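Everything on this sheet refers to the single structure shown next.
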Amino acid sequence: MDTMLIKSGAQLHGTVETSGAKNAALPILFSTLLAEGEHQFDNVPVLKDIESTANLLESLGCTSQRSGHTFKVQVTKLKSFEAHYDLVRKMRASILCLGPILAKYGEAVVSLPGGCAIGTRPIDLHLDAMKAMGAEIQLKDGYVLAKAKKLKGTTIFFEKTTVGGTENLLMAATLAEGTTTIENAAKEPEIVDLANYLIKMGAKISGHGTSIIKIEGVQKLSPAKHAIMADRIEAGTLLIAGAITGGDVTVTKCQPHDLDALINKMRESGFKIDIKENSMRVHPLSSWDGVDVTTAPHPLFPTDLQAQFMALMTVAKGASVVTETVFENRFMHVTELMRLGADITPKSQVAVVRGKPGGLSAAPVMATDLRASASLVLAGLVAKGETQVSRIYHLDRGYEGLESKLSKLGAKVKRAQ
Ligand code: EPZ
């Protein structure tokens, strides 16, 4: 089902549950390669990217079973150390198998992930850091060939904050000889969730969630059990869905303090937002102000919510300057929002949005990447008429049943060929 039809006019009301976090589940599933035996996870979202990860683990010789949101992975001695291009090209995060395989088995062959719609997505920082730990790294025929008898602990300084780089090195360092210090480490909550699982497996880690993480290498790790944290990007997307329709929506099973930057921006725009331990509620508002936003590594405004927040700004009162500092090409949603009548002037990393309350009208638009798709669905909720979003399969990579969650809140959304 390739298209989503969204009719405008509904003010969303009610309560909606957040699913498990894609960007925590992916590194955690790859971390199972560090320890043979059966690993068990709860709150694992049903997503295409999880399926792709299971396929990659199976290609290495692992098995996995899903029952509802419980996911088990059995890891035995790998039959292959190669992550094939056909699998990696479907999901760039597959590069996160490099650190675990290299640390556990001393050799790894992983296809270069290649770029995607939002940018070239290089992995130079991952590879430089592994070389610093004593790995021999070769690039050949589109693959990374990595070898290391035993990785050596050292101090890694990331000149650029990288979530994946921090995760790959965090996993690799757990079985290295000696202590590794990662400086300028990414502080995303998903990294904390990964570290928490590694510690359950027996890893010795401190400082996770801050910019300096220390890992003391151990001989062996053992499989464990873990519940994946809530998906803060999905939670933020659902909160914006309530806001943009002038509705009254409570998002539950989430961690609002992971979203302070978004909540502060929405309050600055005029929204009343109540937060409790595991839920947050946006109250009805008939008009809100345009506010400026700049994306940056956690705890600042998440790049993964930039497209969704821009949709909210297209129907705000006044202008909003949106600055994207993390990825070089993350304005693919701009031209599609303009097709719906939004007034946006994009200039490389900055887009000026001139808000027009009630100013959007339905048109056929096309999704280009995961978060751009979400942005178009949100805009479709208030674009007069019925908006048709094609290539909606991008959404299925990162949102579990978004249309049924929105329908339960009163939205008129459905899938069509
Ligand atoms: C993770 O991607 C997330 N993906 C992304 O979410 C998220 O947008 C991103 O972090 C930033 O928060 C997963 O967790 C699976 P980075 P990642 O390494 O690790 C540059 C979504 O929508 N860089 O922090 O790839 C890179 O080009 C996805 O769920 C290098 O230059 O992001 C980018 O400009 C999209 N060299 C910046 O750093 C490197 O070796 C941040 O990238 C690595 C990264």
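The values are calculated or read from the model by the stated rules, or taken from the named source; none is laboratory data. Given the structure is predicted, the values throughout are model-derived calculations rather than measurements. Ideal geometry is used to build each Cβ from the backbone, glycine not excepted, and the neighbour counts take in all protein chains shown. Heavy atoms of the whole protein, side chains included, go into the accessibility calculation; ligands, DNA and RNA do not. Shrake-Rupley method; radii C 1.70, N 1.55, O 1.52, S 1.80 Å.
Quick notes
- Couplings for region 392-406, taken from phi via the Karplus curve 6.51 cos²θ - 1.76 cosθ + 1.60 with θ = phi - 60°, read 6, 4, 4, 5, 6, 6, x, 10, 8, x, 4, 5, 6, 5, 5 Hz in order; Gly and Pro are left as x.
- Across region 194-206, coupling constants 3J(HN,Hα) worked out from phi with the 6.51/-1.76/1.60 Karplus curve, θ = phi - 60°, read 4, 4, 4, 6, 4, 5, 4, 7, x, 6, 10, 10, 9 Hz, and Gly and Pro carry x.
- Around the amide H of residue 212, modelled in the peptide plane, lie the amide H atoms of 185, all under 5 Å away and 5 or more residues distant in sequence or on another chain.
- Percent RCO, i.e. relative contact order, over the chain, from Cα pairs under 8 Å lying at least 6 residues apart: 21 percent
- Cβ-Cβ distance of residue 347 and residue 276, R₀ of 51 Å, FRET efficiency by 1/(1 + (r/R0)^6): the value works out to about 0.80.
- With θ taken as phi - 60° and the Karplus curve 6.51 cos²θ - 1.76 cosθ + 1.60 applied, the whole-hertz 3J(HN,Hα) list for region 218-226 is 10, 6, 8, 10, 10, x, 8, 10, 7 Hz, x standing for glycine and proline.
- Cα gyration tensor, region 108-219 - rounded (a/c under 1.5), prolate or oblate: oblate
- Amide proton proximity set for residue 412, modelled H, under 5 Å, gap of 5+: 7, 10
- Ordering of 66-78, 355-367 by packing [mean C-beta count within 10 Å, highest first]: 355-367, 66-78
- Taking amide H atoms as placed 1.01 Å from N in the peptide plane, the amide H of residue 290 lies under 5 Å from those of 317, 318, 319, each 5 or more residues away in sequence or on another chain.
- Using alpha carbons only: equivalent-ellipsoid semi-axes of the chain, gyration tensor based, whole Å: 38, 21, 20
- Too-long pairs where the Cα-Cα distance tops 22 Å, listed order kept, from 104/204; 147/225; 265/408; 150/204: 147/225; 265/408
- Anisotropy class of region 160-292 from Cα gyration tensor, a/c 1.5 cut: prolate
- With contacts taken as Cα pairs under 8 Å at a separation of at least 6 residues, region 1-140 carries a relative contact order of 19 percent.
- Accessible surface of the chain [probe 1.4 Å, protein heavy atoms]: carbon and sulfur percent: 52 percent
- Restriction of the trypsin sites (Lys or Arg not before Pro) in region 261-355 to DSSP coil positions whose beta-carbon has at most 15 other beta-carbons within 10 angstrom yields 272.
- When both region 35-60 and region 377-401 are represented by their alpha-carbon centers, they are found 27 Å apart.
- Average Cα contact separation per residue, region 125-231, under 8 Å, 6 or more apart, as relative contact order %: 23 percent
- Solvent-accessible heavy-atom area per residue, rounded to whole Å², over the chain at 1.4 Å: 38 Å²
- Span from the region 189-211 Cα centroid across to the region 105-154 one, whole angstrom: 22 Å
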